[in-house]
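J.: This is the structure I have questions about; it appears just below.
Derivation of every value follows stated rules applied to the coordinates shown; laboratory data play no part. Please read these numbers as outputs of a predicted model, since none were measured by experiment. Neighbour counts run over all protein chains shown; Cβ positions are idealised from the backbone, glycine included.
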Amino acid sequence: MAWKPNSSVASLALLFSVIVAAVVVIAGLMGYPYVAKVYDGIRVKLPEYPTAQKTRWLDQNWTDKRDWFHHADQGTATFHIPYEWFMALEQPVLSLTPLTSVGLLSDPAYLDRFGFIPDPTDPKLGLPVGMARGKAMVDGTAQPWKNPRAPYNDMTRIGLTCAACHTGRFTYQGTEFLVDGGPALTDLGKFRSALGLSLAFTRFVPFRFDRFAEKIIGASPSEVEKSQLLAQLDKILAQGKGLADLDTMVAPQSVVEGFGRLDALNRIGNEVFAVDLKIPANYAATSAPVHFPRIWDSSWFDWVQYNASIEQPMVRNAGEAMGVSAMVNLTSAKGGLYNSGIEIMNLDRIEKSLAGKQPNESTGFTGLKSPQWPSELPPIKKAVAEQGAILYKDLCQGCHLPPVSSAEFWKSDRWSLPDKRTEERYPGERYLHLEVFPFARIGTDPAQAQDMFDRKVTVPQELDVPYDGFGFALGAVTEKTIKHWYDSQTPPVAPEKREEMNGYRNNGIDHPLGYKARPLNGIWATPPYLHNGSVPNLYALFSPVSERPTKFDLGNREYDAGNVGYRTDKLENGFELDTTLRGNHNTGHEFNGDGTKQNEKDGVIGRFLTKQERMALVEFLKTM
């Protein structure tokens, strides 16, 4: 998930040579319409949001663990630059006064416009929710990244952590609500472009590099020191150009992700099998964006991911860390194959914090809980919700299970032991089996499951991975990386401890051509809907496909409490989701027809609902 510029370095050089020739940056833009057009093509256009009057974290049984989770280091170096650089870079905008700074890239208000949540509990850290400062930063050759003036002091890593993609928010009439474990509303693609441009502007815009050098090196840097820093910057720009070229190669098959979505599995595969292995042919298109999933309760699911493709928690979490650029040696036997910088102990702590103790009917889920409808939103209409409860039992419960607050949910025969475990060794332990429904039956966009099923990768023989199927190869590489960490500790991690840290589950990998149906507690706080975020609200989800919007803007934060979702007003510089594109389809999971077997067709899962019935179901789901 490294940054990439959205224009070649050559184009940037052309732009800035014109700017320099014009002496004053903005005057140059005004004087040359072509240059203005070029600048408009490369600048990052962001929405403007009103300032919230107050911020409230929803009660989810997690106050004492929240602050740590928001910045827990997974060992990632997502942006491929040190923390010190990140804090010193300027925003990728041009100024009337090029001699002065235009504002920092790390300014919380600026990052907020990409969807990164300013940290309301520890603003002194200087990082938004979901970014973590780690240990020593290493370069592409695994050597410590040094300050030219202080080579004895290693610079430090900065990267994304779980909370970057799994902390949700919405606003309602001036109040901002924050949701731990909810789907983020970030646009990581826009941010990668902004970071790439910021680095390029630092290199090419007059006076900007000198300001950067003073922040990194210190007062009055020497020409030798600046030359060393410039060489580091040029190396990063070349690396970014290489990634941009790979993206250009697969662009015809790619789909823009936009706010709140990411083609996570394909991006993980690209990082591991193309970037880490240095095999460009393994680079795949981002063809199947998914809506960031909610993660409460998921520690107790037998399989995770939308397509139920991963069984073991440690493999899931370590694979995610590898995908956001945790260092893993996959190419040099001299450096120890599978040696990594992944913070395995932190991954274990994250998982246990989310999971809590074994849930049951008396305690419910004891880790991170789903949020309850807050009092600041319009009150739930009790009589309407009661009508919706009847509809839910008739139309939804067979796939999504009874409400988690019911005794029926906890007595379900879906609670069982994974194959590896025995009742004698682990009495009382249970995991929730979730049904996977073929997309040929439910009719939702097939891209995420189909593309994982189809993808092949080339893996060098020395890695001892006997698979070319993407999912199986990723599972094997991740398992070997984890095992290397266990083996290299002093003393090595004991077998019983490994089993505990692995969640008492095998490294099961699958690629079913379908999607799982999970419990719907807290669904009201997780718009937009379907696995790819192609339906803006619950009312539209219960409507026939012909009534769902084919295009709407992602990036709105204001909550639609009636239809339950984000508002779909036009958002300047937001992202228009076009559901006619493969990967973005809003088809399937449809209530239509009379509900008889004779009228069933692919994608129709229930009978047509009147508007009153749709609103009753929506009202009931607010109670879950």
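J.: I need the phi-derived Karplus couplings for region 372-379: 6.51 cos²θ - 1.76 cosθ + 1.60, θ = phi - 60°, integer Hz, Gly and Pro marked x.
T.: Listing the rounded values in order: 9, 3, x, 5, 6, 7, x, x Hz.
J.: Ok, one more. Going by amide H atoms built from the backbone, whose H comes under 5 Å of the H on Asn592, apart from near neighbours?
T.: Here Ile605, Gly606, Arg607, Phe608 satisfy the definition.
J.: Provide the per-residue ³J(HN,Hα) series for region 326-333, in order, calculated from phi with Karplus coefficients 6.51, -1.76, 1.60 and θ = phi - 60°, each as a whole number of Hz, with x at glycine and proline positions.
T.: Whole-Hz 3J(HN,Hα) from phi for region 326-333: 6, 5, 9, 8, 10, 10, 10, 4.
J.: Suppose a student asked you for the relative contact order of region 49-131, using Cα pairs under 8 Å spaced at least 6 residues apart; what percent would you report? Write down the numbers at each step before the final one.
T.: Values: 58 pairs, mean separation 20.3, N = 83.
With pairs under 8 Å counted, the relative contact order is 24 percent.
J.: If you average the alpha carbon positions of region 426-498 and of region 54-101, how far apart do those two centres end up, in angstrom?
T.: What the calculation gives is 30 Å, centre to centre.
J.: Let me ask you something else. Using amide H atoms built 1.01 Å from N in the peptide plane, name the residues 5+ places from Gly75, or on other chains, whose amide H lies under 5 Å from its own.
T.: Glu343
J.: Using Cβ contacts closer than 10 Å as the measure, can you line up Arg316, Arg43 from fewest to most?
T.: On the way: Arg316 23, Arg43 16.
In increasing order of surrounding Cβ atoms, one gets Arg43, Arg316.
J.: Quick check on the exposure proxy: order His70, His433 from fewest to most C-beta atoms within 10 angstrom. Numbers along the way, then the final one.
T.: Details: His70 25, His433 17.
In increasing order of surrounding Cβ atoms, one gets His433, His70.
J.: Which label belongs to the value computed from this structure, given these candidates for semi-axes √(5λ) of the Cα gyration tensor in Å: (1) 66, 30, 24; (2) 62, 23, 21; (3) 41, 30, 23?
T.: (3)
J.: Turning to a different aspect of this structure: Quick one: Cα centre-to-centre distance for region 368-401 and region 230-245, in angstrom?
T.: If we compute the Cα centre of each part, the gap is 51 Å.
J.: Which lysines, on any chain, are close to Lys622 with Cα under 18 Å apart, when same-chain ones fewer than 8 places away are left out?
T.: Within the straight-line limit of under 18 Å, Lys622 reaches these lysines: Lys369, Lys381, Lys382, Lys393, Lys611.
J.: Related question: 222 nm [θ] for the chain, helices only, -39500 (n - 2.57) per DSSP H run of 4+, per residue, to 500?
T.: Working: 22 runs with 212 residues, N = 624.
Helix-only estimate at 222 nm: -10000 deg cm²/dmol.
J.: Against the longest principal axis of the chain, how steep is helix 33-42, in degrees 0 to 90 to the nearest 10, with axes from Cα atoms?
T.: 50 degrees
J.: Shape verdict for region 523-617, please, from the Cα gyration tensor: rounded (a/c under 1.5), prolate (a/b greater than b/c) or oblate.
T.: Cα axes put region 523-617 in the oblate bin.
J.: Can you give me the relative contact order of region 84-157 as a percent, contacts being Cα pairs under 8 Å and 6 or more apart? Don't skip to the answer; put the middle values down first.
T.: On the way: 85 pairs, mean separation 14.7, N = 74.
For region 84-157, the relative contact order is 20 percent.
J.: Could I ask something else about it? Could you go through region 219-235 in sequence order and give the Karplus-derived ³J(HN,Hα) for each residue, using 6.51 cos²θ - 1.76 cosθ + 1.60 with θ = phi - 60°, rounded to whole Hz, and x for Gly and Pro?
T.: My calculation for region 219-235 gives 4, 6, x, 6, 5, 5, 5, 5, 5, 5, 5, 5, 5, 4, 5, 4, 5 Hz in order.
J.: Distance from a point 7 Å along Cα→Cβ of Asp64 to each backbone N in region 352-379: keep the residues under 17 Å and list them by number.
T.: Once the point is set 7 Å along Cα→Cβ of Asp64, 352-358, 366-369 turn out to lie under 17 Å by backbone N, inside region 352-379.
J.: Going by how many other Cβ atoms sit within 10 Å of their own, how do Ser254, Ser546, Ser406 line up, fewest first? It would help to have the intermediate numbers written out before the result.
T.: Details: Ser254 19, Ser546 8, Ser406 13.
Result, fewest neighbours first: Ser546, Ser406, Ser254.
J.: Could you work out how far helix 470-488 tilts from the main Cα principal axis of the chain, as a 0 to 90 degree angle to the nearest 10?
T.: So the helix axis and the longest Cα principal axis differ by about 70 degrees.
J.: Among the listed pairs Lys215/Lys278; Lys190/Lys570; Lys135/Lys497; Lys45/Lys135; Lys456/Lys497, which are separated by more than 28 Å between their Cα atoms?
T.: Violating the 28 Å limit, Cα to Cα: Lys215/Lys278; Lys45/Lys135; Lys456/Lys497.
J.: A follow-up question, please. Before anything else, pin down the relative contact order of the chain: Cα pairs under 8 Å, at least 6 apart, normalised by residue count, whole percent. Please report the intermediate quantities before stating the final value.
T.: Working: 1230 pairs, mean separation 99.3, N = 624.
Answer for the chain is 16 percent.
J.: Taking the Cα centre of the chain as the origin and placing charges on Cβ (Lys, Arg +1; Asp, Glu -1), which of Leu541, Thr248, Val404 is farthest toward the positive end of the dipole?
T.: Working it through, the farthest residue towards the positive pole turns out to be Thr248.
J.: Once each part is reduced to its C-alpha centroid, what is the distance from region 506-546 to region 190-208 in angstrom?
T.: 37 Å
J.: Under a 5 Å amide H to amide H cut-off, with H placed in plane at 1.01 Å, what residues pair with Arg169 once short-range neighbours are removed?
T.: Here the answer is Val179, Leu185, since their amide H atoms fall under 5 Å of that of Arg169.
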